[in-house]
Amino acid sequence: MTERSSLGIVLAAGEGTRMRSTLPKVLHEVGSRSMVLHAMAAARAAGVARLALVVGPNMAAVEKVVSAAGADEIVHQAERLGTAHAVLRARAAIAEGAEDVIVLYGDTPLVRAETLLAVRARLAQGADVVVLGFRTARPTGYGRLIEVDGRLVAIREEKEATDAERAVTFCNSGIMAFRGGVVLALLDAIGNANSKGEYYLTDAVEIAHRRGLTVVTVEGAEDEFLGANDRVQLATCEAIFQKRRRAEALANGVTLVAPETVVFAADTELGPDVTIEPNVVFGPGVRVASGARIRAFSHLEGARVGEGATVGPFARLRPGADLGREVHIGNFVEIKNGRIEDGAKVNHLTYIGDARVGAKANIGAGTITCNYDGYFKHHTDIGAGAFVGSNSSLVAPVKIGDGAYIGSGSVVTQDVPADALAVARGRQMSREGWAAAFRTRMARIKAAK
């Protein structure tokens, strides 16, 4: 397809009271990403260069999220007078003259970029209006796509459809696209002579047909167009999203030992030959390089895992965890804002936060970096090849030199030179016979009571 200028208009004005939430509907998440950001991402992936978001009143939270995600323009729909009315709030952006104008919805998170590319291809081939449709065995509630000789002549809402039209199973997804040169004229011609007294975007189809314009359909899979108006529908969207991502991972050379138990985020990146064991959860911002293994019951978020590394089982990688090649992170280990360099081992029952662990260092069980003093975070630096004995506390800020050795049970508060031994614990004292005498005395006191 020849490169064409494009504008995407994402309608995100609905409050979503059926969610029973103070959070605007479009900010509810699928795959750890707000639904509205899914719509924006699909549009961008389909080559849409400019995005205008239409939001309702009192939606500062939505505006903040979409602005951070790169929305080019935010416009407001103060009155809820229908979809055509909402699109016309972006009149100024439309008037700039994009060749393609695509209308999407902020509560429809499963639309594929490939489907939107197919829509843009039909516009490039000469269509004036393109409507995305799907076929379903359960058409009740959807607008029907009425076609004659391969051309779309009308979209009929169910309440206004005849019995014959209700029998049609080709349904309207709501997503439409227009050749930029005709869209404003069509929208301005839409009246509000319908059962709700609103301006329906779908009426543009009949107007275009009467004017002799070319109106066609593109068919997508039914599950692409599921919206989420309540928590049940949101859960359904999540399930479909996860099924897709699991299939994609498997197709790309990732081993999922129990696929149905793995939870992905929208931006999870997995290299080839990665193995994911059961019950692993990926939050946002995770990249796992080739050959790594994520063991069962681990949770990762905002983390990078290097080639050949092993994580878990029962490990937690928090934002800023950065694991090098062949790193071992074991059971009940938590890493936060920590760089673990190549070949280092943190195998069990350990917390590493705000720290660097040098290459091939070994961190013993029960070690913690004491990084927070109640007001500020402080850094711990552990050198290459260092050995930190079990049950040690490293009180930051502190530096452990390359090759240094920390005796088990130490509380380290001062820097340790390279290749030095540091032991920071009370001296052991033994009293022969003390325990036997203690038991005798206590038994006598108990008997006297």
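Quick look at the values:
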quantity	calculated
Residue within the range 286-298 that is crowded, with 19+ Cβ neighbours inside 10 Å, among the polar types (S, T, N, Q) and out of contact with any His (no Cβ under 6 Å at 6 or more places or on another chain) present	yes
Qualifying residue in the range 16-34 (condition: farther than 27 Å from PHE282 by Cβ and not β-branched (Val, Ile, Thr))	yes
Residue check for SER290: in contact with a Phe, Trp or Tyr (Cβ under 9 Å, 6 or more places away or on another chain) and of a type in the set (Ser, Thr, Tyr)	no
Any hit, the range 76-83, residues being hydrophobic (A, V, I, L, M, F, W, C), surrounded by fewer than 19 Cβ atoms within 10 Å (Cβ to Cβ), within 16 Å of LEU37 (Cα to Cα) and assigned by TED's automatic domain parsing to the domain that holds THR22	no
Residue in the range 390-412 that is farther than 21 Å from HIS348 by Cα, more than 38 Å from the chain's Cα centre (by Cα) and assigned by TED's automatic domain parsing to the domain that holds THR350 present	yes
Members of the range 168-182 that are assigned to a strand (DSSP E or B) and over 33 Å from the mean Cα position of the chain (by Cα)	none
Residue ID - nearest to the chain's Cα centre (by Cα), chosen from residues in the range 148-167 that are surrounded by 10 or more Cβ atoms within 10 Å (Cβ to Cβ) and assigned to a strand (DSSP E or B)	ILE155
Output for the range 217-253, where each listed residue is within 20 Å of PHE134 (Cα to Cα), in contact with a helix residue (DSSP H, G or I) (Cβ under 6 Å, 6 or more places away or on another chain) and not in a helix (DSSP H, G or I)	VAL218, GLY220, LEU226, ALA228, ASN229
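The values are calculated or read from the model by the stated rules, or taken from the named source; none is laboratory data. In this text, all values refer to a predicted model and were calculated from it rather than measured experimentally. Reconstructed Cβ throughout: ideal geometry from the backbone, glycine too, with neighbour counts over all protein chains shown.
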